[in-house]
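One structure below.
Coordinate-derived values only; no laboratory data. Since this is a predicted model, take the numbers as computed values, not measurements. Here the Cβ positions follow ideal geometry from the backbone for every residue, glycine too, while neighbour counts run over all protein chains shown.
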Amino acid sequence: MDLQCKTATCSGCYCGAVRLTLTAIPTSVINCHCSQCRRLGGAAYTTWVSFPRASLQVQGEEHTGRFQVTANVERHFCRYCGTHVHSYDSRMPELVGVSAGVIQESIAISPSAHFFIDDEAPWHEASEDLPMNGGESAYDRVQDQMTGPQATNGAPGARD
Ligand SMILES: [Zn+2]
Ligand SMILES: [Zn+2]
């Protein structure tokens, strides 16, 4: 293990051209079921881990491409292997979103809620032990679980 990764969260793209180091602890972890996360991630949903933006250090930034998904959301990806490495949302300028799947070291994370549950893939069923948010705003609580953590806000990368 990289020495630095013992005290920080290390992440990066599949080919290694782009590496991220996040020196702060995550502020939230959520599952986003929006159609953008599904199509851009190629999976039923994306688990977003948010960190303070100021804690992000990028190595190999020159190898990243940027894709403006919406007026609010910008995704950064590796130009060689295509891995989506992080996202910004102009409505949450103090945060950076990293999809949990690219985090290399095991960190103690567990999602606190589902978002955009109304957009869930028809062939997928989200676990009902987490709060579900959807509705018109996609952030309205649509189903409460009996116990568990309170839902946090959305995350950079979630659709506008
Ligand atoms: Zn790469
Ligand atoms: Zn999303």
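For the range 3-143, calculate the relative contact order in percent as a whole number, restricting contacts to Cα pairs under 8 Å that are 6 or more residues apart.
Relative contact order of the range 3-143: 26 percent.
What is the gain in length, in nm to one decimal, between Ala54 and Ala24 on full extension, counting 0.36 nm per residue of separation less the C-alpha to C-alpha distance?
9.9 nm
Provide the packing ranking of 130-137, 95-102, i.e. peptides ordered by the mean count of other C-beta atoms within 10 Å per residue, highest first.
95-102, 130-137
Would you mind ranking Thr9, Thr70 so that the residue whose beta carbon has the fewest other beta carbons within 10 Å leads the list?
Fewest to most other Cβ atoms nearby, the residues stand as Thr70, Thr9.
Alpha carbon centre of the range 28-65 versus the range 67-103: separation in Å?
Result: 5 Å between the Cα centres.
What is the mean projected area of the alpha carbon convex hull for the range 3-143, to one decimal in square nanometres?
8.6
By count of other Cβ within 10 Å, fewest leading, how are Tyr14, Tyr139, Tyr88, Tyr45 ordered?
Taking fewest neighbouring Cβ atoms as first place, the list is Tyr14, Tyr139, Tyr88, Tyr45.
Once the cut-off is 21 Å, how many percent of the Cα-Cα pairs in the range 12-85 end up in the long-distance tail?
Value for the range 12-85: 30 percent of Cα pairs lie more than 21 Å apart.
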